[in-house]
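**Q** This is the structure, below, for whatever I ask next.
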Amino acid sequence: MRLAEIQPGMRLAKDVHDPHGQILIRAGVVLGERQIRALRSWGVAEVAIVQDEDAVDSGIRDPEIIDEIRRSIDIQFSLSNRDHPVIQALQALCLSRALDRS
C-alpha cells in the first residue's frame, strides 16, 4: 500500500528494510503517526499492510484486545525469521486460536 494511503492503526505485514537490508520497522507493528512520519523521512514509498479479516471473522471488534494478543504472539516469535512462510502460518494460527478463545 502506498504510504500516502496509510492510516494510524494499520499493521505492517512485512518488515520494512533500508536499501542496505537493515530492518527499519518489523512486521506486526501497529503504525502510529510517529512511525508513518519516520517512513516518510526514510523515503519509503510503499509498505505491506495486514488485512484484519481474521479479527472480523472471529467477532472481536475491539482493536485493543487484538493488539494485546498480537503483542503476546510477537514476543513468542521474537527470535524467529518472520519472513519465513512457516513462521507466518504459525503466527496466524496462534492469532486465530487466541481470538477464538477470547
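**Q** How much FRET efficiency would the formula 1/(1 + (r/R0)^6) give for A45 and H84, where r is the Cβ-Cβ distance and R0 is 25 Å, rounded to 0.05?
**A** That gives a FRET efficiency of 0.50.
**Q** While we're here: Quick check: residue separation of L93 and D67 times 0.36 nm, minus the Cα distance between them. What number comes out in nm?
**A** Here the segment from L93 to D67 would lengthen by 7.8 nm.
**Q** I'd like the FRET efficiency for I75 and E5, computed as 1/(1 + (r/R0)^6) with the beta carbon distance as r and R0 of 25 Å, rounded to 0.05.
**A** 0.30
**Q** Another question, if that's okay. Determine the relative contact order of the chain: mean sequence separation of Cα pairs under 8 Å and six or more apart, normalised by residue count, in whole percent.
**A** Averaging sequence separation for qualifying contacts and normalising by length gives 27 percent for the chain.
**Q** Which translational diffusion coefficient, to the nearest whole µm²/s, is obtained for the chain from the Stokes-Einstein equation, given a Kirkwood hydrodynamic radius over C-alpha pairs, 20 °C and 1.002 mPa s?
**A** In µm²/s, the coefficient rounds to 149.
**Q** Sticking with this structure for a sec: Counting only residues 5 or more places away or on other chains, whose amide H sits under 5 Å from the amide H of I49 once H atoms are built in the peptide plane?
**A** Answer set, sorted by chain and number: A13.
Each value in this text was obtained by applying a stated rule to the coordinates, not by laboratory testing. No experiment lies behind these values; they were computed from the predicted model shown. Because the Cβ atoms are built from the backbone with ideal geometry, glycine has one as well, and the counts that use them run over all protein chains shown.
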